[in-house]
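A quick write-up on the structure given underneath.
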Amino acid sequence: MKSKLLLTLLVLLLGASKIDAQTEAELEKLSIFSEYVKSKNYDAAYAPWMELRTTTPKLNKAIYIFGERILKDKISNSEGDQKTTYILDLLKLWEERSVNFSKITPKGAYLAKASQLKYDNRNLLGESNEILYANFDSAYNSDVKTFTNPKSLYTYFSLMVGLYDSSSKSAQELFSKYDDISEKIDFEVKNYTNKRNAFLDQDGEVIELSRKDNSRLKSYNSYLKAYNQIAGSIDTKLGTRANCENLVPLYARDFEEFKSDGIWLQRAMNRMYAKGCNDDPLFVTIVEQKNALEPNADTAFYLGILKDKAGNSKEALAFYNQAVDLETSSFEKSKILYKIATSFKKKGRFSQARSYYMKALKANPSMGKCHLSIAAMYAKSANKCGTDNFSKRAVYWLAAKEAAKAGRIDPTMKKNASKSIANYEAKAPQKSEIFSSGRTGQVIKVGCWIGRSVTVPSL
């Protein structure tokens, strides 16, 4: 009776169909091994699971969901040839799942898992870097939509870097793969950011959520944290291989061949800008060619950069605003606005920079790095925007308050925000100074471009 009840619950949870056509023995085994797995008694689950896997592979998806757990436990608790056997069997299990439950087995995701498993056990399996890369490449190209695992994306690119370093891949192949994977990461970040923003108000604060939605928000934040970490790791992995000394000759050599290729032009100008190669005449050539061929928000932004460098601030601003107007996606618009703001910040034009950071936040309320940038500008201006030593240092409270917003609206920024807050608070007047000044609770108006007020903390 108990096993039948357990089976019924299992069926409801896992979605088995037409179970009445199965034998009582099969149903019992399904229930038994499932309960063993749920209690993490994988050794006991192994025999009834293997029997069902062999005799009735289409009975229930639990055979593959729970079977993966069983084999992973076997792999982690074995060595040598025995471990190899279990690894190969897990790879076989995923292949069987793709045959028997193809509709619920995303091809890219499972081929990525298989590729990662081979990579993690490459010494045991005797797999070469060439073969491993080919596995990842095949998985990625077969179903890029569901190839989303951050770790696998990093491994995929790491293998490409290794092959480039061994002269097995060209510089063009390396940079193309970097762009390819970076664009994939950007897509996933955009996807999860938009999902997260649905749970935020215009100020970036979390609205009241149900337990289910709160769980979803935590999941989105977790993915965003992972993708941001991987993006940084990929940049680190690429390192100086994509410096101007390497990029400029490569793009100069290939320009004539690819000058009518919009994707090549887009990636070339983005890469040159990202690596600080925008002082090279080739950057101008590529931007102008892309603008003539396929004008877009990026070309308008880069034309603004060029006008700024030439000292034409008015024309530069017109191009910057054109870049914003050309972008239809709020998420992409926020990235353009952030770039414009950062450009102004680098030139010390802090008021304009803050204005564009605030516009970026309006387009993407969870863009915490905008608040960190504003906080940094406040801190840098502390000496200039106070009337005496106390009020000058009081600006650091304002900076700390701004940095706190970053961590509050964007969990991926919490660590950086905490460091910034601690740094700013250490530079602000301390308790003894507040006491001796007699200004506790006083509102201090911060002048110059900041034009904000800060309240002296109460003791």
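Among the conditions (1) within 22 Å of Arg349 (Cβ to Cβ); (2) buried (at least 18 other Cβ atoms within 10 Å of the Cβ), the only one that Gly311 does not satisfy is (2). Please tell me if Leu91 is modelled with pLDDT of 95 or more and closer than 14 Å to Tyr64 by Cβ. Criteria met by Leu91. Being of a type in the set (D, E, K, R), within 23 Å of Lys445 (Cβ to Cβ) and modelled with pLDDT under 95 is the requirement here; does Lys346 meet it? For Lys346, the condition - of a type in the set (D, E, K, R), within 23 Å of Lys445 (Cβ to Cβ) and modelled with pLDDT under 95 - is not met.
Listed by position, the helices (runs of 4 or more DSSP H) inside the stretch 306-401 whose residues that are out of contact with any Pro (no Cβ under 9 Å at 6 or more places or on another chain) and among the basic types (Lys, Arg) number at least 2 are 330-346, 350-363, 368-380. Here is the figure for the stretch 346-360: residues that are of a type in the set (S, T, N, Q) and under 18 Å from Lys309 (Cβ atoms) total 1.
Based on what the data block shows, is Ala363 over 25 Å from Asn197 (Cα atoms) and buried (at least 18 other Cβ atoms within 10 Å of the Cβ)? So Ala363 fails the test. Look at (1) crowded, with 18+ Cβ neighbours inside 10 Å; (2) over 22 Å from the mean Cα position of the chain (by Cα) and you find that Tyr154 fails only one, number (2).
Taken together, the criteria exclude Thr285 from residues that are at pLDDT 95 or above, in contact with a Lys or Arg (Cβ under 6 Å, 6 or more places away or on another chain), farther than 24 Å from Asn197 by Cβ and of a type in the set (Ser, Thr, Tyr). Of everything in the stretch 246-284 that is more than 28 Å from the chain's Cα centre (by Cα) and surrounded by fewer than 14 Cβ atoms within 10 Å (Cβ to Cβ), the residue that is farthest from Phe157 (Cα to Cα) is Pro281. Please name all residue pairs, on different chains or six or more residues apart, with Cβ atoms under 8 Å, provided the first residue is in the stretch 24-49 and is among the polar types (S, T, N, Q) and the second residue is at pLDDT below 90. As it stands, the answer is Ser31/Ser3; Ser31/Lys4; Ser31/Leu6; Ser31/Leu7; Ser31/Leu10; Ser34/Leu6; Ser34/Leu10, since those pairs meet every condition given.
The values are calculated or read from the model by the stated rules, or taken from the named source; none is laboratory data. All values derive from a computational prediction rather than experimental measurement. Every residue, glycine among them, receives a Cβ derived from its backbone with ideal geometry; neighbour counts consider all protein chains shown.
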